[in-house]
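One structure is given here, and the rest of the page talks about it.
Each reported figure results from applying straightforward, stated rules to the coordinates on display, with no laboratory input. It should be emphasised that the depicted structure is a prediction, and the values quoted were computed from it without experimental measurement. Every residue, glycine as well, gets a Cβ built from its backbone with ideal geometry; the counts of neighbours run over all protein chains shown.
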Number of protein chains: 2
Amino acid sequence: MSDRTQLWNDLAAQLAVDSIRCTTAAASGHPTSSMCAAHLTAVLFADHLRTHVSDPQDPANDRFVLSKGHASPLLYSTLKAIGAISDDELLSLRRFGSPIQGHPVPLPEVPWIDVATGSLGQGLPIGLGMAFSMRLHGSPGRAWVMIGDSEMAEGSVWEAMEAASYHGITGLTAILDLNKLGQRGPTMHGWHADVFRDRASAFGWLPIVIDGHDVTAIDAAYSEARNADRPTMVIARTEKGHGVSFLANAEGWHGKALSEEEAVKAIEELGGERHLSIEPPKPGSFAPLEPGGSNVERAPAYDEPVPTRKAFGDSLAWLAGQRSDVVVLDGEVGNSTYTDEFQKVAPERFFEMYIAEQAMIGAQVGLQALGETAFSATFGAFLTRATDFIRMGAIGRADLRLCGSHAGVSIGEDGPSQMALEDLSTMRTLHGSTVLYPADGNATVKLVSAMCDLPGISYIRTTREATRSLYPPGEEFPVGGSKTLASNAEDRVTLVGAGVTLHECLRAAETLASDGIMARVIDCYSVKPIDGDTIRRALEETRVIVVVEDHRVEGGLGDAVLDAVAAGGALTGQVIKIGVADMPGSGKPEELRAWAGIDAASIAVRVRNALS
Amino acid sequence: MSDRTQLWNDLAAQLAVDSIRCTTAAASGHPTSSMCAAHLTAVLFADHLRTHVSDPQDPANDRFVLSKGHASPLLYSTLKAIGAISDDELLSLRRFGSPIQGHPVPLPEVPWIDVATGSLGQGLPIGLGMAFSMRLHGSPGRAWVMIGDSEMAEGSVWEAMEAASYHGITGLTAILDLNKLGQRGPTMHGWHADVFRDRASAFGWLPIVIDGHDVTAIDAAYSEARNADRPTMVIARTEKGHGVSFLANAEGWHGKALSEEEAVKAIEELGGERHLSIEPPKPGSFAPLEPGGSNVERAPAYDEPVPTRKAFGDSLAWLAGQRSDVVVLDGEVGNSTYTDEFQKVAPERFFEMYIAEQAMIGAQVGLQALGETAFSATFGAFLTRATDFIRMGAIGRADLRLCGSHAGVSIGEDGPSQMALEDLSTMRTLHGSTVLYPADGNATVKLVSAMCDLPGISYIRTTREATRSLYPPGEEFPVGGSKTLASNAEDRVTLVGAGVTLHECLRAAETLASDGIMARVIDCYSVKPIDGDTIRRALEETRVIVVVEDHRVEGGLGDAVLDAVAAGGALTGQVIKIGVADMPGSGKPEELRAWAGIDAASIAVRVRNALS
């Protein structure tokens, strides 16, 4: 056995031992799912993953994504072996307040972790996004993504497989840990590596089948992967709980920590505790390429009616020239969301993900992890396809700029399958999110621009139809603010709208004024954070608020307004929520707004009834 | 040309013409995406789809799912040709109030449509569920699913491909309409049928590549599909806009209706209007099998602490014996959600979908369309993977019984990726949904039982930890009700909880009582519909409501309570919402509840502050 072989095997034994130690200390976790991949990880970090441990954000670095996030003990044990965290930190696994959590989360204390994992099937789309970023800048780095066999059932994996080969990505390697045991028993395909080999080939990848405990084979596979002209999948047959007689290939051990006694026995079988330190190979230096800008010099400005979706696309095209870090992903609807305006001026920073929303958001997570200011857009209805990716993005402190177009019943004839009716609710509920809904083109320009600097999940909702210009170009729209468009001392009611319903509120106010009922109108373009002060003052002054939204009555603008009112302490006055309360069909936008009771005439009726 | 060939071609021309007629009448829609598949549909309905047109629910019938829902003009034209709808009805396409909507929706007026489509990539999982149901009952029927090439990028398609071959399904045929033009230009693979052939093969399907305008080849392919020992994919190269010189293979025509003049010209090229009537072949009769029941005779009953997730599984196992129509789908977490209790007693009605939540919900939609009372369960966090399928289920009036386990920060050490924190919001926002959250085992039994008879989307949220028994076995829990667990004339505050927070509210009430503050406690087990009367009365009587939930502060129980309060008219009193307002990490359940401010001690502090 060569020295290197000895080192790899010793290191693998250490990683297995440490995975047991930290989970036994925590009295929970996944030691056996870590042990199976110890050799794969040992060889990777000792000789193939090129990284500056002291500078994890160096753009030349390779990146490692543990898609099978429940094997976090292995990841933390590896971070200990490369000197990134201490043994004490490792042993804080799963404790309250520790950054060493049950599943990997990127936190300031652990900058070697780029993204949150733990919802299966997300690592490969994320790795693809990282590879996109590396290629964009000419980095020599590559993304290595470790995947479990159970998660190969997730369609998002195949979305990423297809996109990677289609886009000619070479800097991406999947390491498939084929341990053949899922959480409740055998996986679908067991050790039949040929199933995955054939599928990977059919999806344009280079499959390399190995014994995942043979360090020499692993070393050779990683070298082959680095030199391949295609994305590569190292398919490694492994044993769950490898190296310990009573754990190896045994059912009933998923997600179970060993008792103290069991741990002593297992660690003895693995050769006892070790404290090897390794230094991963360093990447070469390179001069990062600056991707091309656009020649759009002026911010878009509108005085004629324009759909806010068009203003969104125009804004991106302008921002392409302002900032070289802006990139855009599309779900094969760029001519509907108008991201194609960006594509026209900055094609190398535009990523066509086709109709694969999960891969789109996953790749976006990877792109932002490597420093890009990434926007993605599709119909708001279809963003729901990627809800779990967005949720995980929030957990991973990802800065995701999202646009959902074709909001509400106002899309008209296409019918409910194409209508975003729950998007405000979904986005508003996420931790730390920002939810924006502009009513005209000029507001859209400002809000898209603001999104570039917003942390976390930011969402802009756009409208299919043209809406008339309400604000002059250059008007400011601070996040968390609102606009009061009509207000005077005799106001007896406040109408709160956003996007398309703001226009209906304005028309309703005109009708009401002709009846002698003065109405205040507030543009609540920032649904979250909401301008609570303005809303509470309006309720105090007018006693009645009518909130109108082209969205379900639950979870959206109406609930946000109620929440703002309740946050002010004692309740007073009356808040009437109007939204889409039944299931729409097809029809003209104005017919459907009337049907939903969110058009000007319906609003006026509700106000008259409330005041009578 | 044989008579049959002539008929097929004439019928195809009619379907193309009618697709143009109805979209031109509507001035919107997708004629070219319909025309490409006219031959495929003509041959299918004339000679292969075995169905009783007058009895579309006959269990012997084949079923047709138009996964590429934007080709609805073709579907409606076909329904006209088989005598299901009239020409006038066809021409009402996309009009307000018409059941002939922009994308297919199953409505009482069109019982030949089983499910809603229009969000791409959903038809194949649904067809799989139909095939499951047919096999379960020994039906000779098969599911034919027409798919577009753009939607092959959706991972959900590959989830269904894998599941179908794994489960040995033969009664499922995909018809891939390879028209090579997506909505914004060329698709990823164009007419490279070999790409799809190789992938289908690798996923265990029989691929059959044909020219999609050659009716003889289509006829042969469908015959081969019916006789195959595997699921089959007919990969048909087609031309978008086929048969019309200025539309065939032309870019820029996606989703565009022809003008009146263009329509005249196109219809002339297609040979003019026709009004052929065809009768699809009828299926043979069969005696439906009754799947086996369970031997669990008594409803579960608890007096010791039990996790509500366990009570959920026990309830399903009991219901298996009560009703032969109950089926259960699992996302490879049956030992966590306890659906494995059902599997033990009724294995043939248990569908292991592995970690593929989209396919799980899609198959559930298919199963319920054929009359099964279908439950599916996974961690509440991972149900978000299938949000778009659930959304489409609501549009399709599907009865989907869903369980999300591992709710809230109370799962503890596994950390945020595994915590359902937005599920109440997502489920509550859906049209017509029911959202339930029991606090003990006996409540769970009643609510799961009630779900069997609930229409639409019903969701039950379960808890990982054991919770003590609060109610006797047999206590009734009407949907839309609540339980007031402590109430007297001196109550100065009302604590509203559900699930795990109800227990914290009860403990807080004890603490407050020892300080002389009497608190009413309400178990809001029915989050939607909510018991508004009880809540409004409580606010009136106690002036202060504190709502506590192990969920984000937005969109869940707190917003539901506020909504109920606002629905009562003039606001009065004070509503304080307590929920998870920051991003949790790992920790013990009690540590995390304290951190979130939703434990008894924190609740008591909030009450004291509010009352001081």
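Can you list, shortest first in nanometers, how far B:SER487 lies from the same residue in the other copies, with each label 7 Å from Cα toward Cβ?
4.2
How many angstrom separate the Cα center of segment A:584-605 from the Cα center of segment B:244-317?
29
Any idea what the B:ALA610 label distances to the other copies are, label 7 Å down the Cα→Cβ vector, nm, shortest first?
Sorted ascending, the copy-to-copy spacings read 2.4 nm.
Could you grab the relative contact order for chain B? Cα pairs under 8 Å, six or more apart, rounded to a whole percent. Don't jump to the answer; show the numbers that get you there.
Details: 1486 pairs, mean separation 74.3, N = 612.
Relative contact order, chain B: 12 percent.
If you take the square roots of the eigenvalues of the alpha-carbon gyration tensor of segment B:252-322 and sort them as a ≥ b ≥ c, do you get rounded (a/c under 1.5), prolate (a/b over b/c) or oblate?
Verdict is oblate for segment B:252-322.
Once phi is turned into ³J(HN,Hα) by the Karplus curve 6.51 cos²θ - 1.76 cosθ + 1.60 with θ = phi - 60°, what whole-Hz value does each residue of segment A:430-447 show in order, with x for glycine and proline?
Going residue by residue, I get 5, 4, x, 7, 10, 10, 10, 8, x, 9, 9, x, 5, 5, 4, 4, 5, 6 Hz, with x marking Gly and Pro.
I need two numbers for segment B:1-107: Rg to one decimal and Dmax as a whole number, Cα atoms only, in Å.
Cα only, segment B:1-107: 13.4, 43 Å (Rg, Dmax).
Using only C-alpha positions, report the orientation-averaged shadow area of the convex hull of the protein assembly as shown, nm², one decimal.
Its Cα hull, projected and averaged over all orientations, spans 45.1 nm².
Using the Cα gyration tensor of segment B:333-388, with a ≥ b ≥ c the square roots of its eigenvalues, what is the shape: rounded (a/c below 1.5), prolate (a/b larger than b/c) or oblate (neither)?
oblate
Report, to two decimal places, the Cα Rg of segment B:40-161 normalised by 2.2 N^0.38 Å (N = number of residues).
Rg over 2.2 N^0.38 Å, computed on Cα atoms: 1.03.
So, in Å, what gap is there between the alpha-carbon centers of segment A:377-456 and segment B:385-454?
Here the two parts' Cα centres lie 23 Å apart.
What ranking do A:445-451, A:328-334 get when scored by the average of other Cβ atoms within 10 Å per residue, highest first?
Sorting A:445-451, A:328-334 by mean packing, highest first, produces A:328-334, A:445-451.
Per the Debye formula with a single identical scatterer at each Cα and no solvent contribution, what log10 I(q)/I(0) holds for chain B at q = 0.05 Å⁻¹?
Those come out to -0.26, one per q.
Taking the 0 to 90 degree range and rounding to the nearest ten, how far is the long axis of helix B:557-567 tilted relative to the main principal axis of chain B, both from C-alpha atoms?
Rounded to the nearest ten degrees, it is 90.
May I ask you to derive the relative contact order of segment B:414-536, considering only C-alpha pairs under 8 Å and at least 6 residues apart, and to give it as an integer percent?
The value is 30 percent.
To the nearest whole number, what is the average tally of beta carbon atoms from other chains within 10 Å of the beta carbons of peptide B:346-358?
The shielding value for this peptide is 4.
Provide the convex hull volume over Cα atoms per residue for segment A:1-54, in Å³.
93
Check the axis relating chain A to chain B and name the residue of A whose C-beta is nearest, distance in whole Å.
A:GLY155, 1
Hey, can you grab everything whose amide H is under 5 Å from the amide H of A:LEU571? Only 5+ residues off in sequence or another chain; H modelled, so Pro and N-termini drop out.
Those qualifying (amide H under 5 Å, at least 5 residues apart or on another chain) are B:GLY573, B:GLN574, B:VAL575.
Taking the highest mean first, how do the peptides B:75-87, A:517-529 order by number of other beta carbon atoms within 10 angstrom per residue? It would help to have the intermediate numbers written out before the result.
On the way: B:75-87: 21.3, A:517-529: 23.8.
Listed from highest to lowest mean packing, they are A:517-529, B:75-87.
Mind checking A:375-383 for the average number of partner chain beta-carbons within 10 Å of each residue's beta-carbon?
Counting Cβ atoms of other protein chains within 10 Å of each residue's Cβ and averaging gives 2.
Can you order the peptides A:362-373, A:533-544 by their average number of other Cβ atoms within 10 Å per residue, highest first? Intermediate results must be reported in sequence, preceding the final value.
Numbers: A:362-373: 26.7, A:533-544: 19.2.
The densest-packed peptide leads the list: A:362-373, A:533-544.
If you count, for every residue in A:202-211, the Cβ atoms of partner chains within 10 Å of its Cβ, what is the mean?
2
Specify which residue in the list B:SER336, B:PHE389, B:ALA369 is farthest towards the positive end of the charge dipole of segment B:309-414, using unit charges on the beta carbon of Lys, Arg (+1) and Asp, Glu (-1), about the Cα centre.
Value computed over the given set: B:ALA369.
Using the 7 Å Cα-to-Cβ label point, sort the distances from A:ASP194 to its equivalents in the other copies shortest first and give them in nm to one decimal.
2.3
Between 0 and 90 degrees, rounded to the nearest ten: what's the tilt of helix A:3-26 against the longest Cα principal axis of chain A?
Orientation of helix A:3-26: about 50 degrees from the principal axis.
I need the phi-derived Karplus couplings for segment B:389-395: 6.51 cos²θ - 1.76 cosθ + 1.60, θ = phi - 60°, integer Hz, Gly and Pro marked x.
3J(HN,Hα) across segment B:389-395, in whole Hz: 5, 5, 4, 5, x, 5, 5.
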